[in-house]
Amino acid sequence: GESDTTLDKMKFMKLGSKVDSFQTDGENIRYVATDLATDMVINIGDVKFYLHKFPLLSKSARLQKLVASANEESSDEIHIQDIPGGPAAFEVCAKFCYGMTVTLNAYNVVAVRCAGEYLEMYETVEKGNLVYKIDVFLNSSIFRSWKDSIIVLQTTRSLLPWCEELKVVGHCLESISTKASIDTSKVDWSYTYNQKKLPSEKGSDAQWSGVKKAQMVPKDWWVEDLCELDIDSYRQVVTTIKTKGTISNNVIGEALRAYVYRRLPGFSKGTIQGGDFNKYRSLVETIVCLLPTEKGSVPCSFLIRLLKAAMLLDCGEMGRRELTKRIGQQLGEAAVTDLLIRASPGEATLFDVNFVKNLVEEFIMQEKLARADHDPPLELEFPGDRSPRYASDASKAMVAKLIDGYLAEIAQDPNVPLSSFVELAEMVSGFPRPTHDGLYRAIDMYLKEHPGISKSEGKKICRLMDCKKLSMDACTHAVQNERLPLRVVVQVLFFEQVRAAAASNGIATPDIPGSVRASLPGGSHGSSRSATTNTEEDWDSVPTAEELKALKGELATLRLTDTDAEKNGDNKPKTGAEKVAANRVKGLLMSKKVFSKLWSNKERQGDISSTDTSESPGSSNAEETKSTPSQSRRPSLS
């Protein structure tokens, strides 16, 4: 992006008219080249100035006193170690005394002003002295300029406490905060703005009327220029702006975000790159203190990155706790990529799963607090007044979707233990979900990347999802999935038939009667024991391609039957649809022809290797099954 330059618009003041005749001899000697011999030596730090008493003493009360003291000691040298601005600022003051041309601008004016104060160059010594002239310049030009005020404030850090005593810092803060808080229709000065360049800022804006231009100035026009300030000056400015109370919390939040991205190397990548860790720690802690208290004033993604940075920099517990609390309040706004925080070096896993668990724990606690605050006593609760609960359910659903997506990402890491996966999934198991497709996708991904898990582990992870809550696409995928235990495939097949039978009768998917449920294998959200003579180990086994093919064949037969009935106009309401489906599936399960291996006493292995050749119906390309949800409606990547 483009940015305005400051040099061509910077205010400056020229003093004096004589030619500058200061000369340099080596690194540490300055002298005035004139016919008149110098008669005093002033040591400023390690630099010697060979000068003339008359022009200097006529304007500096302090030098008058220092020369008098030196004369008493029979010395022709004066030593000054503590003048603000050092040799450079003193040289400008000396040239002013000689009437030589000097130019003051935002970069040097404060140092010279402080040096002039030190040398006591007041009106009482001589009219039109340096201090008076600089004060006029500051008040009439510098403090009226947006960019010059920022530059001057930057220069004050090395000139404390002089600048504060002279009220230069206070004037800068007032000038900057007043301009930042002004109505945008009155902004008629240049500023740096790279986010979204405005048409009027790309070329001449002379054609815009005042009304039109006011619409073109964004509310956060001031944000980027303040990023030039060091963290202490920045804190002072933002605090002053907040005190004025005219800038919205969202704009304050945007300002803080822009500052951190500019001043903290590696922040956008979730790391801290070298540099002064103490300085960076101070920066992060200060930004946390400046965060507006209003929920949503800064994006959740920014808060998460800030918390990670606070952890890497070992910031104070109070700041980290505040960030965790803020994230818990708006966790539903986060994206999966925000949660993919790299684990610390030396950790076995790729991502920091415990970091995410802590955030979910905080969210759950915040939800409980919010519910306690909003839920009225029973006798005061009105049927129509349920908005807080609905809001709570909506945020829970968003977090559930978020964690499902996160689980699918960490499932691809071979080093993620099952316990971590299950623990995180169980934390949001009670949250409302429209479907369990996202959870199924995560489980399937874990099974794919961890082919060596035991039957009991496979059973444990599959219990996380409710087969009744899988969409048709997910069901279609699941009944072909060679990675799922047999019990899950059979349950999915059953529920799909119940749904199909119910839909043909125009009724909602019914709950499963106990007598029918007894005919199903145990597992997720169902009975723990089958009514058949099969053992639990049989049901926990992974079906072979042959068995899946038989299941798919039966599924196609059932669908064909339903389709034929529709073609024949058999739309009469059917009773016991779920029982019909159950009997068909039960008959399928009892078929020795299909499950001859299953009914035999031959020991089955729980870690039968899976293949990646399963396809969804209607797909002739195995790669199609690997597409993401945005590319295909299939919910799982196989």
Decide, for region 402-497, between rounded, prolate and oblate: order the square roots of the alpha carbon gyration tensor eigenvalues as a ≥ b ≥ c, take rounded if a/c falls under 1.5, and otherwise choose prolate if a/b is larger than b/c, else oblate.
-> oblate
Compute the distribution of all C-alpha to C-alpha distances in region 442-497, in bins of 5 Å from 0, and list the percent of pairs in each, rounded to whole numbers.
-> 4, 20, 35, 26, 11, 4, 0
Could you provide, to the nearest whole Å², the per residue accessible area of region 84-193 with probe 1.4 Å?
-> 37
From highest to lowest solvent-accessible area (probe 1.4 Å; ligands, DNA and RNA excluded), 48, 179, 14, 460 read 14, 460, 48, 179
Between their Cα atoms, which of 18/133; 167/325; 295/368; 133/179 are more than 27 Å away from each other?
-> 167/325
Could you give the length gained on full extension between residue 273 and residue 101, defined as 0.36 nm per residue of separation minus the Cα-Cα distance, in nm?
-> 57.4 nm
Taking 7 Å along the Cα-to-C-beta vector as the label spot, tell me the residue 503-residue 454 distance in nanometres, rounded to one decimal.
-> 4.0
Calculate, for region 240-359, the solvent-accessible area per residue in square angstrom, rolling a 1.4 angstrom probe over the heavy atoms of the protein chains.
-> 46
Among 467-475, 231-239, 398-406, the order from most to least packed when residues are scored by Cβ within 10 Å on average | 398-406, 467-475, 231-239
Evaluate E = 1/(1 + (r/R0)^6) for residue 371 and residue 418, where r is the Cβ-Cβ distance and R0 equals 30 Å; express this FRET efficiency to the nearest 0.05.
-> 0.40
Stretchable slack from residue 398 to residue 25, in nm (0.36 nm times residue separation minus alpha-carbon distance) = 127.0 nm
Which whole-number percent of Cα pairs in region 41-132 have a distance greater than 16 Å?
-> 51
Semi-axis lengths (Å, descending) of the ellipsoid that matches the C-alpha gyration tensor of region 274-317 = 20, 11, 8
Express the Stokes-Einstein translational diffusion coefficient of region 1-97 in µm² s⁻¹, to the nearest whole number, given a Kirkwood radius over alpha-carbon pairs, 4 °C and a viscosity of 1.567 mPa s.
-> 85
For region 283-309 versus region 218-274, the gap between their alpha-carbon centres in whole angstrom | 11
Take each of the peptides 125-136, 304-315, average the number of other beta-carbon atoms within 10 Å over its residues, and list them starting from the highest.
-> 304-315, 125-136
Relative to the present Cα-Cα distance, how much length would full extension add between residue 75 and residue 242 at 0.36 nm per residue of separation?
-> 54.6 nm
Simple label model, 7 Å out from Cα along Cβ direction - residue 250 to residue 50, nm = 6.8
Environment charge at residue 351 (Cβ cut-off 15 Å; Lys +1, Arg +1, Asp -1, Glu -1) = -2
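The values are calculated or read from the model by the stated rules, or taken from the named source; none is laboratory data. Since the model is a prediction, treat every value here as computed from it, not as a measurement. Here the Cβ is made from the backbone with ideal geometry for all residues, glycine too, and neighbour counts use every protein chain on show. SASA here: full protein model, heavy atoms, side chains in, ligands and nucleic acids out. Shrake-Rupley method; radii C 1.70, N 1.55, O 1.52, S 1.80 Å.
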